[in-house]
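Report on the structure given below.
Nothing in this text is a laboratory measurement; each read-out follows from the coordinates by a stated rule. Quick caveat: nothing in here was measured; it's all calculated off a predicted structure. Cβ placement follows ideal geometry from the backbone for every residue including glycine, while neighbour counts extend to all protein chains displayed.
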Amino acid sequence: MQTSLLIALASGAFAGGAAAGWQLRAHRRTVRIPGLGNPTGKRRILLPFGGASISRRSLDAAVRIARAEDATIMPTFLVRVPRHLPLDAPLPRACLRFLPLLEAIEQRVLAEGVAVDARVSRGRTYRDALRHQLDDEPVDRIIVSATTDPRTGLDGEDLHWLLEKVPAEVLILRADFDDRATVTAQPG
């Protein structure tokens with residue numbers, strides 16, 4: 001089976017260093033997962049997030065649903081681009097934050113035997129980045145973590161917009177008040 005995986009690479013981070021500078025570029029690679037069917041035509045579950053971690057409960061729910069529906073999970077890091085920069089401007093700090101986290105999510109999902117197709121979407125706000133992603137690729141379901149911290153993802157107004165405007169199933173999860181379990185990138 002083949003799964004297409006969108007990866008944002010930081011050229012200059014690995015070869016050329018500071019002389020080359022940082023640039024985010026979208027690339028696709030194919031990941032073969034033994035025992036899984038072709039993801040083409042499969043249901044797709046978008047899992048958007050914007051912080052340095054993602055709710056473990058949301059990720060676990062996405063995995064359970066994807067397994068039950070033979071769906072592909074699309075973890076999508078939402079990058080906020082400051083208004084004084086062009087939308088495609090290099091963002092080295094964001095790159096250092098989201099690449100290891102996307103890799104950690106990808107590895108966790110693949111370990112569960114579920115197809116994964118990661119994304120990075122840019123916008124002026126988290127909602128704008130999500131809107132760009134949904135304009136490019138419609139999905140069947142969106143699973144999002146409810147948060148009270150607008151710096152880490154979609155806030156209440158964004159969730160209301162999602163429920164009112166997005167033509168997909170929307171599942172909003174809020175973990176128990178004492179549950180702070182998250183998935184983060186392993187220190188490298």
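What ³J(HN,Hα) values, in whole Hz, does the Karplus curve 6.51 cos²θ - 1.76 cosθ + 1.60 give for the stretch 105-113 when θ = phi - 60°, with x put for Gly and Pro?
For the stretch 105-113, the Karplus-derived couplings read 5, 4, 5, 5, 5, 4, 5, 8, x Hz, x marking Gly and Pro.
Label GLU69 and GLU164 with points 7 Å out from Cα along Cα→Cβ: what is the distance between them in nm?
For the pair GLU69/GLU164, the computed spacing is 2.4 nm.
Where both partners of a DSSP beta bridge lie in the stretch 40-184, what percent of those bridges are antiparallel, to the nearest 5?
For the stretch 40-184, the DSSP antiparallel bridge percentage is about 15.
How big is D, in µm² s⁻¹, for the stretch 40-184 by Stokes-Einstein at 20 °C and 1.002 mPa s if Rh is the Kirkwood radius over C-alpha pairs?
140 µm²/s
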